[in-house]
1. Could you pull out which residues in the stretch B:371-408 have an amide N less than 19 Å from a spot 7 Å beyond the Cα of B:Asn330, following the Cα-Cβ vector?
2. Summarise the partner chain shielding of B:252-259 as one whole number: the mean count of Cβ atoms from other chains within 10 Å of each residue's Cβ.
3. Note down the Stokes-Einstein diffusion coefficient of the stretch B:150-258 in µm²/s, whole number, using a Kirkwood radius over alpha carbon pairs, 4 °C, and 1.567 mPa s.
4. At 7 Å along the Cα-to-beta-carbon direction for both B:Asn171 and B:Ser105, put a label point, then send me their distance in nm to one decimal.
5. What is the percent of Cα-Cα separations in the stretch A:1-160 that go past 21 Å?
6. Only Lys, Arg, Asp and Glu count, each charged at its Cβ (+1, +1, -1, -1), so figure out the dipole size of the stretch A:53-276 about its Cα centre, rounded to 20 debye.
7. Kindly express, to the nearest 10 degrees and within the range 0 to 90, the angle between helix B:2-32's C-alpha long axis and the longest C-alpha principal axis of chain B.
8. What would the Debye formula give as log10 I(q)/I(0) at q = 0.15, 0.16, 0.27, 0.31 Å⁻¹ for the alpha-carbon point model of the stretch A:226-281, no solvent?
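None of the figures in this text is laboratory data; all of them are computed from the coordinates on show. In this text the structure is predicted, and so the values were computed from the model without any measurement. Backbone-built Cβ (ideal geometry, glycine too); neighbour counts: all protein chains shown.
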Amino acid sequence: MNKKVLRIYFPLFALPTLIAFIIGFLVPFGMGIYLSFCKFTTVNDAEWVGMRNFKDIFADKDFIHALWYTALFAVVSVITINVFGFAIAMLLTKGIRGTNIFRTVFFMPNLIGGIVLGYIWQLILNGILANFDKTLTYSATNGFWGMIILMNWQQIGYMMIIYIAGIQNVPGELLEAARIDGATNGQVLTKVILPMVMPSITICTFLTLTNSFKLFDQNLALTNGAPSNKSELLALNIYNTFYGRAGYEGVGQAKAVVFFFIVGAIAVAQLFFTHRKEVQQ
Amino acid sequence: MKNLKKGVALAMAASLSVCAFAGCNTKDNGTSTPAETTGSGETTSTVAADATGGKVYYLNFKPEQAELWTQLAKTYTEQTGVTVKVDTAASGTYEETLKAEMAKSEAPTLFQVNGPVELATWTDYCYDLKDTSIYKNLKSDDFALIENDAVKGVAYVIETYGIIYNKTLLNDYFETDGAVVKSVDEINNFDTFKAVVEDIQAKKDELGIEGAFTSSGMDSSSDWRFKTHLANLPIYYEYKADGIDSTSAIKGTYLDNYHDIWDLYINNSTCDKTMISSKTGDDAASEFALGEAVFYQNGTWAYADCISEGLTDDDLGMLPIFIGGEGEENQGLCTGSENYWCVNSKASEADIQATLAFLDWVITSDEGRSCLANDMGFVTPFSTFDDGYQADNALIKAANEYIAAGKTAVSWNFSTIPSEKWKDDVGNALLEYAQGTGEWDAVVSAFVDGWAAEYEAVHGAATPDA
């Protein structure tokens, strides 16, 4: 009876959400794809130009640079955030005094918005670099490490919480059995804990990877692409193309479509590979 | 029973989605007629306006004057009953906001562009203003954007920039031993100016300042002073030498002069030149206002910032930007406009007429003229302001003195720069050169090659040189 009722009413109850989803996501997405083939100034006044926008993308050196810069940034930040996040999670599951305070403190940066963090770190880092008569926007390298530091500071706490939950779910008897069998600390970590927290690793790498690729606010606030657009990540490049250049709205839109496929492909591939490594208890 | 449940559920789901739509609807109405909220008397006038069908929606560019525009609109609504909505884009986001607003069904009826280049984006949306009061009262066609005989935009504020200086500090310098010149009147060419600046920089401790110039910040809040306003001078002299007023390919005849003045700025300033990438417009303004620097390249709009920290009108003066062009002894300040009113041609006829009526009121009524001239501090190009509605501050006075002295004002040729990207590329190259990570050649290339490339990108390769 219950199941049958559910089956009958399901479409009905899903309707409001479905409508919202269509208005808020599917329609803009479809429009976005359509507009990437158009020349336009305002989105409801577009003229079809075919593949021209996509050809223009790859003539844009800044976009290619942003692509590699973003890829490098994603690799470095995924590794650093997850390594540090996991290490802190290990420390804070040892039962040391003040564990809860530390967890809260580490988590808190995540509650502050990207723009605000960007400006705060800009002040801090410029303050430090001023001693060497340099600034964050002096070169793309400075900007790169500035963003890595910022992202680590912001995301480590969040990933730490996920890892803590994973580590606490490792059954005590497994650890005890490993100890009795004479496993060293290193062996316990690599042979027991890591395989057991693999689901957490999957979700954390997924989050950090997509976050790094889509990073916008922090980039805008911290360096805004300076100098010479060399510290510009993909999302900012798309934004600048769309809003910064008259007549390039279509190209910006086409870049966004390409961007969607890149992020989608990477995320799916990453889920596939880490998922395979997960073990059942 | 089952049917009843089903019916109730259906009704509830339906009402939920209806609520969602109704929600959008009320919100829409709310934003399009904000005048309704001003009081009970307003409601009737709004109804009256709706009866004639005309509404005005002004998307304002200048956040400094946002409040004043809203007040002025309210006054107009009280007098005529026509709804006027004023919205202001946040600083630096006008283009984005305009793009988004124009896509709405309640699009702005009145908006603005900054010159011929931005006009190219919006030209299809510009109503021909030829038969309107704002164009007829314009003192000169120089202040209108005219394309194929159609008046697309009309300037509403005239601004002037140059090198603002601190009179008190400069006079202190004149009294030091071995001062290069003894009076500001003697500074009428680049070489003298350079000698003065370098001498001031050498004596900065004696004068109690941090540097001759304020920091030449290349943050986006300040870089336009150099990649646009300063770049105007080599463009101006080249146009003058070639007898043209726009070009598809700039030659860069005066780029060495641009090089000289840029070197002068960055080498004689309050901060090390490797630091300028993060210096902001506010940094430079406060350095000047606090008396840490003598010279500050900016314009009449910066008046409020200049006096914010205790400087008075007597401390302020303005010098032309000398770069070593021919006949610069008679060069005046740079005067022009980059604020042009445009009326949305895609709005309904009633809205267009309402907008034109509103603009007419703004430049002819006492309230409108007084608000623009006295409260907003605008120097306007309209003849209707001649009888006693003149904006007045120390910088505008300085600008008027140059005109009275018969100096030739430098026109704002940067409005012919092919695109924003050109400015960005030149700015980037200037910064890289300044901090030592790039060569001056990159500036030359961005300036000359970039101009041709951007002109082609914007106008299409087929367009022959006009």
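1. Flagged as within label range: B:400-408.
2. On the way: counts 0, 0, 0, 0, 0, 0, 0, 0.
Per residue, the average neighbour count from other chains is 0.
3. Rounded to a whole number, D works out at 77 µm²/s.
4. A separation of 6.4 nm, rounded to one decimal place.
5. 71 percent
6. The dipole magnitude comes to about 180 debye.
7. 40 degrees
8. Computed log10 I(q)/I(0) values: -0.57, -0.61, -1.01, -1.12.
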